[in-house]
1. With a point put 7 Å past each Cα toward its Cβ, work out how far B:PHE135 is from B:VAL166 in nm, to one decimal.
2. For each of A:THR197, B:THR6, count neighbouring Cβ atoms within 10 Å of the residue's Cβ, then give the residues from fewest to most.
3. Pull up the cross-link candidates among the lysines for A:LYS139, meaning alpha carbon to alpha carbon under 17 Å and not fewer than 8 places away within one chain.
4. List the relative contact order of segment B:2-213 as a percent without decimals, with contacts defined as Cα pairs under 8 Å and 6+ residues apart.
5. Calculate the length of the line joining the C-alpha centroid of segment B:18-79 to that of segment A:7-42, in whole Å.
6. Taking the alpha-carbon centroid of each part, what is the distance from segment A:194-236 to segment B:187-218 in angstrom?
7. Taking H as built 1.01 Å from N, whose amide H comes closer than 5 Å to the amide H of B:ILE80, not counting residues under 5 places away?
8. Please tell me the relative contact order of segment A:127-251 in percent, rounded to the nearest whole number, where contacts are Cα pairs under 8 Å and at least six residues apart.
Amino acid sequence: MALLEVENICKRFEKTEVLKGISFTLNEGESVSIIGSSGSGKTTLLRCLNFLEMPDEGLIRVRGETLFDSSAPAGNTEEEIRRKRLHFGLVFQSFNLFPQYTALENVMLSPRLVNGVPEEENRKNAEALLSQMGLTDRKDNYPHQLSGGQQQRVAIARALALKPDVLCFDEPTSALDPELTGEVLRVIRKLSEEKTTMIIVTHEMAFARDVADQAIFMDEGVVVEQGSAVEVIDHPKEERTKQFLSRYAEA
Amino acid sequence: MFVTVTLSLLEGFLGTLRLFCLTLLFSLPLGLIISFGSMSRVKVISVPIKLLIWVIRGTPLLLQLLVIYYGPGILLQKNIWGSGDAGRFIAALVAFVINYSCYFSEIYRGGIQSIPVGQYEAGQVLGMTKSQIFFRVILLQVVKRIVPPMSNEIITLVKDTSLARVIAVYEIIWNGQSFIKSEGIIWPLFYTGVFYLLFSGLLTILFHYIEKRLDYFR
C-alpha cells in the first residue's frame, strides 16, 4: 500500500480554479518531484497537503489513515488539523526560520512545545540533525548570521525534527544564489539516498530527474504527465511537457 | 526659598509620576486588546473599535479630559467620579488610559502586521497551536519592532500628564505656577522643566538599553 494517496484534489480561490483534480500516490522511501511553470498550482498543492489551505474537494490518505475527505467533512477542528499537519513537513522557499532563536533552538522548539520531548533527548536529536546538515559549528548562530544556504539547511533540520511521514519542499533553492544552491541540493540528495519520503517542487530539472523516483508535470492545475522521473524529464510524451522542458534546455 | 520650591515641586512631580505610571499600567495591556479588536475579521467588533480609535486620535486630549470629567455629571446629573482630589484624579486617569490605549493599539497593530505571514505558517506546519505561535514566535519580534515608536509615545505621555491640571489634578506645573501668584517669582516654572528633562532623559536611557538587549536578532 502506498504511504501517501492523494485523490482528485481541487482548490479554488474566488473564481480561479488553481487545482483541478490532482491525484498521485507515493510509496514509502520514494520521492516525487513536481515540475511546471509558475502559476501551475504546484505550491498550492503542497499547501493543501500541509493544510495551510483547505482543499475544496478530494481525499488525502497517509498510511491508510484518511486525513482529509471532502465527502465526509467532519474532523476538521483546529486541533485535529494541527495534529494532521504533523504527518507532513514543509520546507519553504523563504526558509522562515524564527529570527530570535539560534539554529539549534529553531530545531528544538517545536518538538519541545508540540511533542513534549525531554530536553536532553531533544537536544541530542537536534544536534544530530544539524550535524547531518553539516552545520555542527553553526548551531549557536542566529539566522541572520547564516548564509541563505545554511538557513535553508537549518529549516530542513527543523522540519525533520518532528519526524514527518512525508517531507515537502517548496522550491527550496529558488531564493538562493546559484553558488549556494548546491549545498542545499546535496543535503536533499542525501536524504533521498537515506530513503526519506519526499515531495519536491523545484525548477532544477537535472536535480528533479536525478534525485526523485517519480516526476509529475503540472500545468494550469492539472497533472499533464507523470511517471518515472527519467522518463518524464528526458523523454516526455506530452506536447505541453516537451515545450516546457525545451525552454529549460535553451536556458 | 530654593528648598521650599524644590519640596513643593517634588510633591507635584509625585502626582505627575503617579498619573504616568498608572496610565501605562492600564493602557499597555488594554492597547493590545484594542489592537486585536481592530484587526478582528468580525465587522461588529472591528468597525466600532476603529471608530473609537478615530475619535480618540482625532480630538485633543485636553477636550477628552473635559468631556470625561464633566460629561457624566451633566448627562446623568450625578458625579460618578467621586468628590475631591481623588475623584478628579480618577477621571484624569480614565481619560489618559483611553487616549493612550488607542495610540498604543495602533503601534501594536503596526508591529503585529509587519511580521511576515511565513512566520505564522512555519509555526503552523510545525504543529504549534495559535497561542504558542503568538507567544513563542511572534511576540518578541513585535516587541523588537515597536520599542522605538513606543518610547516616543511614552515620552510624550510624561509631558502630557501636565494637561490634567485643566480639571485641577495637582501635578508639577500646577505647583510651579502657584509661586507666581504667591511669591511673584517665575523661576520655579523653569525649574519644573528640569524635572521633565531629567525624567525623559532617564526613559531615553532605559529604552536605549531595551533596544540594545534586543539587538541580538533581526
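1. Distance between the two pseudo-spin positions: 4.0 nm.
2. B:THR6, A:THR197
3. The qualifying lysines are A:LYS124.
4. Rounded, it is 30 percent for segment B:2-213.
5. 49 Å
6. 60 Å
7. B:GLY73
8. 16 percent
Since every read-out is calculated from the coordinates, none of them should be taken as a lab result. Note that this is a predicted model, so its numbers are computed, not measured. Reconstructed Cβ throughout: ideal geometry from the backbone, glycine too, with neighbour counts over all protein chains shown.
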